[in-house]
Amino acid sequence: MEWLYLVIGLAVLGVLVLAGFVTTRTRRTPPASGGDTLAPPREDTAPTGTDTAAPEAPEVAEAPAPTPTLEQPERPASRLVRLRQRLAGQGTLGQGLLGLLSRDRLDEDTWEDIEDLLIGADIGVGPTQELVERLRTRLRVEGGEAADARAVLREELINLIGPDEDRALRVSGEGEQPGVVMMVGVNGTGKTTTVGKLGRILVAEDRTALLAAADTFRAAAADQLETWGERVGLEVVRGPEGGDPASVAFDAVQRGTSAGVDTVVVDTAGRLQNKQDLMDELGKVKRVIEKQVPVTEVLLVLDATTGQNGMIQAKVFSEVVDVSGIVLTKLDGSAKGGIVVAVQRELGVPVKLVGLGEGPDDLAPFDPGAFVDALLGGS
Ligand code: GDP
């Protein structure tokens, strides 16, 4: 009889050990301890991987299982500086404008050249006329020294972009709830990449996050996200290929809530046959998420190199979902920084993030002052 108890006891113990092992594999490792410094990537390679070793390692001299080294993403504050090198080199807008404004005589032809330059940089006709008007008035009143021209241009460009817009990302939810960020936009704009990059920003700020691969039409998108997640220890929730995106989003938010993460970032599909499909699907994803928690931010991803064409597609999205911020990607490859002004005007929402390149940390919070400095180049 006693042996029977012994066997049952051993079986129960076995189940407990197995359950413990499974739990350690699915739990997100807490981020490396914070600190207020804006220090470059930390060197520590402490075992922060998701594959934590079993609690009681045998004493046999066995090589420890290699734990994946998690990357420490760069803190966002220092990132926009990179834009300076990547935009200023092209010099079309800032340098061109400065060249024209520093001419000895600002005659009508010169003002027309200035207008052409601004329109060519995709600022849009309305904002161009406003800016030229302001510049003409101020330079007439304040005189036309080259140094002044630069300062006046800087100030007026910043005013045009909107220094007082609220560009903060809503990544936190109420109380214990996670914040939910939905990423929407046409395929190819850099949506999935931006979900991954945003995950890294959150990690850099010592937040916990979970990524949801709700672009179920593209298996590659989910794989892509898993790679992004693995590099910094973020869990990714995905569903079957071609499955219901709303159900992936629902599962992800449920998982994020029970795991107690700060933010769930949801990738969505962008290749839809028509506006009605788009409306139905994105609307459903949002509604289904909001059965659990409110969506705190809807970011529309726009490719800066597509100029006015991209804007037409963007408008469709903004009619379908309540966009709360714009991510302007591929600004590094665009000679048309003026698109920042145009998209904000046309869509009525602020640019909150900008994509500066293909590197994992080439996504920066948008700051009008730093952006204009990058446009104008030099010092
Ligand atoms: P999606 O279809 O919208 O999800 O687009 P992806 O995230 O797959 O990105 C499409 C391509 O754009 C990829 O090759 C990205 O590396 C690239 N990309 C994304 N953001 C940027 C950026 O800011 N700059 C540059 N140069 N390339 C980017």
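Does Arg218 satisfy the condition of being basic (Lys, Arg) and within 12 Å of the chain's Cα centre (by Cα)? Against the criterion (basic (Lys, Arg) and within 12 Å of the chain's Cα centre (by Cα)), Arg218 does not qualify.
Would you point out the residue of region 344-358, among those that are more than 9 Å from the ligand (Cβ to nearest atom) and part of a loop (DSSP other than H, G, I, E, B), that is nearest to Gln85 (Cα to Cα)? Among them, the one singled out is Pro350. Among the helices (runs of 4 or more DSSP H) confined to region 71-131, the ones with at least 3 residues that are open to solvent by 40 Å² or more (accessible area, probe 1.4 Å) are located at 81-88, 108-120.
Here Val180 passes the criteria (1) in a helix (DSSP H, G or I); (2) among the hydrophobic types (A, V, I, L, M, F, W, C); (3) more than 16 Å from the ligand (Cβ to nearest atom); (4) touching a strand residue (DSSP E or B) at 6+ places or on another chain (Cβ under 8 Å) except the one numbered (1).
For region 188-302, which fully contained helices (runs of 4 or more DSSP H) count at least 1 residues that are among the hydroxyl-bearing types (Ser, Thr, Tyr), within 16 Å of the ligand (Cβ to nearest atom) and modelled with pLDDT under 95?
Numbers: elements: 191-204, 219-232, 245-259, 275-289.
Passing ranges: none, list empty.
The single condition from (1) in contact (Cβ under 8 Å) with a residue 60 or more places away in the chain; (2) out of contact with any strand residue (DSSP E or B) (no Cβ under 7 Å at 6 or more places or on another chain); (3) closer than 30 Å to Gln177 by Cβ that Gly325 fails is (2). Asp361 fulfils the conditions (1) in a helix (DSSP H, G or I); (2) over 14 Å from Gly185 (Cβ atoms) except for a single criterion, (1). Mind checking whether some residue in region 144-156 is more than 16 Å from the ligand (Cβ to nearest atom), outside any loop (DSSP other than H, G, I, E, B), open to solvent by less than 40 Å² (accessible area, probe 1.4 Å) and in contact (Cβ under 8 Å) with a residue 60 or more places away in the chain? Yes, some residue in region 144-156 is more than 16 Å from the ligand (Cβ to nearest atom), outside any loop (DSSP other than H, G, I, E, B), open to solvent by less than 40 Å² (accessible area, probe 1.4 Å) and in contact (Cβ under 8 Å) with a residue 60 or more places away in the chain. Residue pairs whose Cβ atoms lie under 8 Å apart, separated by 6 or more positions or on different chains, with the first residue in region 352-375 and open to solvent by less than 20 Å² (accessible area, probe 1.4 Å) and the second aromatic (Phe, Trp, Tyr) and away from the ligand (no atom under 12 Å from the Cβ), are Lys352/Phe366; Leu353/Phe366; Val354/Phe366; Val354/Phe371. Which of (1) surrounded by 20 or more Cβ atoms within 10 Å (Cβ to Cβ); (2) modelled with pLDDT of 90 or more is the odd one out, the single condition Arg345 does not satisfy? Status for Arg345: all satisfied but (1). With respect to the stated conditions, Val171 is under 29 Å from the mean Cα position of the chain (by Cα), modelled with pLDDT of 95 or more, under 24 Å from Trp228 (Cα atoms) and open to solvent by 10 Å² or more (accessible area, probe 1.4 Å). Among the criteria (1) buried (at least 20 other Cβ atoms within 10 Å of the Cβ); (2) within 15 Å of the ligand (Cβ to nearest atom); (3) β-branched (Val, Ile, Thr), the one Thr305 does not fulfil is (1).
Rundown of residues vs (1) more than 12 Å from the ligand (Cβ to nearest atom); (2) modelled with pLDDT of 85 or more; (3) not polar (S, T, N, Q), yes/no style:
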{"site": "Leu331", "(1), (2), (3)": "no, yes, yes"}
{"site": "Gly369", "(1), (2), (3)": "yes, yes, yes"}
{"site": "Asp373", "(1), (2), (3)": "yes, yes, yes"}
{"site": "Gly378", "(1), (2), (3)": "yes, no, yes"}
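When Val181 is tested against (1) surrounded by 21 or more Cβ atoms within 10 Å (Cβ to Cβ); (2) over 16 Å from the mean Cα position of the chain (by Cα); (3) not charged (D, E, K, R), only condition (2) is not met. The single condition among (1) free of Cβ contacts under 8 Å to residues at least 60 places away in the same chain; (2) touching an Asp or Glu at 6+ places or on another chain (Cβ under 8 Å); (3) over 22 Å from Ile289 (Cα atoms) that Thr189 does not meet is (1).
Within region 293-312, being within 16 Å of Leu331 (Cβ to Cβ) and among the charged types (D, E, K, R) holds for one residue alone: Asp303.
Restricting attention to region 321-334, which residues are surrounded by 20 or more Cβ atoms within 10 Å (Cβ to Cβ) and of a type in the set (Val, Ile, Thr)? Result: Val323, Ile326, Val327, Thr329.
Going through region 226-242 one residue at a time, which ones are surrounded by 19 or more Cβ atoms within 10 Å (Cβ to Cβ) and touching an Asp or Glu at 6+ places or on another chain (Cβ under 6 Å)? If you could, list the steps in order and put the result at the bottom.
Keep residues of region 226-242 that are surrounded by 19 or more Cβ atoms within 10 Å (Cβ to Cβ), which gives 228-229, 232-239.
Correct list: Val232, Val236, Val237.
The values are calculated or read from the model by the stated rules, or taken from the named source; none is laboratory data. Please read all numbers here as calculations on a predicted model, not as lab measurements. We place every Cβ from the backbone using ideal geometry, glycine too, and count neighbours over all the protein chains shown. In case anyone asks, the SASA skips ligands and DNA or RNA and just uses the protein heavy atoms, side chains included. Shrake-Rupley method; radii C 1.70, N 1.55, O 1.52, S 1.80 Å.
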